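Below is one structure, written out as structure tokens; comments come after it.
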Amino acid sequence: MKIIKDPVHGYVEVEDFALALLDSPPLQRLRYVRQLGFSYLVYPGANHTRFEHSLGTMFLADVACRKFLLPDEERTLVTAAALLHDIGHGPFSHASEPLMEMFLGRTHDDIGTIVEAQVGNTLREWGIDPAELCAVVKGKHPLSGIIHGDLDVDRMDYLLRDAYYTGAPYGTVDAQRLIRYLIRTPEGTVLDENGINAAESLLIARTLMRPSVYYHHVSRIGESMFQLAMLEHLAGKGAEAARALLTMDDATCLHTLQTSDNPVSRDLAERLYGRRLYKRALTAGSDQVNIVTYQEGITVPAIRSYAAQIAERAGISPHEVLVDIPSIPSELSLGVRVKNRHAVVAFEEISPRIRTLNTTRRDQWRLGVYTIPGYCDRVAEAGCEVLHVKKPTRQDTLF
């Protein structure tokens, strides 16, 4: 047993099986992968890592398992899964996720290969089935809901941690109270009515953190520059080069791009390192575009096709235009039902705030087109034509 001081949860007890995993290469790598990608370009304090978050998720998972009175074997499985759940992330976390899907055909939840190759034997020594652990992480296990559900400990930790390190006052979640009022039944997880306010605070925190932290335009510009630098560097190099790049940590990856044989990659990486970022040329909300066009999501090649068309109309090079079309926010909902003195009912019947939050999330969605300073006006004009954007008002163009 070892005790680690965490700034969010206080003293975290790490059992022997978890200590063996903490010292493994895939978890140690997470010390050098930022939790919030390029949010440090906005919030200087946002340098916390996936390692810290994994430790915090493990702590809350253990609290939940004890609350549910799970036997030690199941508690060990879930807490180990919580500790390892992010080892599949690429450099700069979610910034590299689209490229991971494009080049490797997997997401960060697909950790089976990493687990078997690097920690499989360690897990088996402690009586943990690697395949079962991966199923928990993937959301395909009866116990997955603890770390992969509507009120999961992964989300509780990252909201608390991201708010703490960015200084944003929106991520307040009473995780301990929320866990306290969760009830595990054969039909699924039920929330005692005394935990409604805590559950609502989690939903509100998720909604308020989106525009101020997770989708802040400077973070999105940094991600877009990084993704283009990666694409240019990997052009013509094949899957093995992509796999090597996407398993690096942040610093190694950025250095690789800074020393790339591709001049566009080198320039973009140097701009990121020196915070000489592209600027917003165009921002459009859901009321300015045909939102149905983007309902199914936009692939990386499609994004670059839009950028090339805009660049051609603006008379500049394709790499001087970045197009950012985030996925349309899914409907916010809680599959968890609420138990009061008389019955078990849907959360939406007790809390009307979900409808308001869903409207807010849709209103928060923004499409962005970015370019090098000096080209903003002509890129904005071309962007409106190519993306069929209603001309922005003066308020939309304020930087």
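The values are calculated or read from the model by the stated rules, or taken from the named source; none is laboratory data. None of these values were measured; they are calculated from a predicted model. Every residue, glycine among them, receives a Cβ derived from its backbone with ideal geometry; neighbour counts consider all protein chains shown.
Annotations for the structure displayed:
- When Thr207, Thr256 are checked against the criterion of being out of contact with any strand residue (DSSP E or B) (no Cβ under 9 Å at 6 or more places or on another chain), part of a helix (DSSP H, G or I), among the hydroxyl-bearing types (Ser, Thr, Tyr) and without any contact (Cβ under 8 Å) to a residue 60 or more places away in the chain, Thr256 stands alone in meeting it.
- Note on the range 315-327: residues that are within 25 Å of the chain's Cα centre (by Cα) and free of Cβ contacts under 8 Å to residues at least 40 places away in the same chain total 1.
- Taking the criterion of being surrounded by fewer than 23 Cβ atoms within 10 Å (Cβ to Cβ) and of a type in the set (Ser, Thr, Tyr), the residues of the range 28-53 that qualify are Tyr32, Tyr40, Tyr43, Thr49.
- Condition met for Leu143 (under 20 Å from Phe51 (Cβ atoms) and touching a residue at least 24 places away in the same chain (Cβ under 8 Å)): no
- Matching residues, the range 283-314, being aliphatic (A, V, I, L, M), over 22 Å from the mean Cα position of the chain (by Cα) and closer than 20 Å to Pro329 by Cβ: Ala284, Val289, Ile291, Val292
- Remark: Gln118 falls outside the filter, which requires a residue to be of a type in the set (S, T, N, Q) and under 20 Å from Leu70 (Cα atoms).
- Among the residues of the range 20-58, those that are more than 23 Å from Asp152 (Cβ to Cβ) and not in a helix (DSSP H, G or I) comprise Asp23, Ser24, Phe38, Val42, Tyr43, Pro44, Gly45, Asn47.
- Close pairs from the range 349-371: first surrounded by fewer than 17 Cβ atoms within 10 Å (Cβ to Cβ), partner assigned to a strand (DSSP E or B) and of a type in the set (Gly, Ala, Ser), Cβ under 8 Å, at least 6 apart: Asp363/Gly285
- Total residues in the range 123-147, condition touching an Asp or Glu at 6+ places or on another chain (Cβ under 8 Å) and either under 15 Å from Leu70 (Cα atoms) or not assigned by TED's automatic domain parsing to the domain that holds Ala175 (or both): 5
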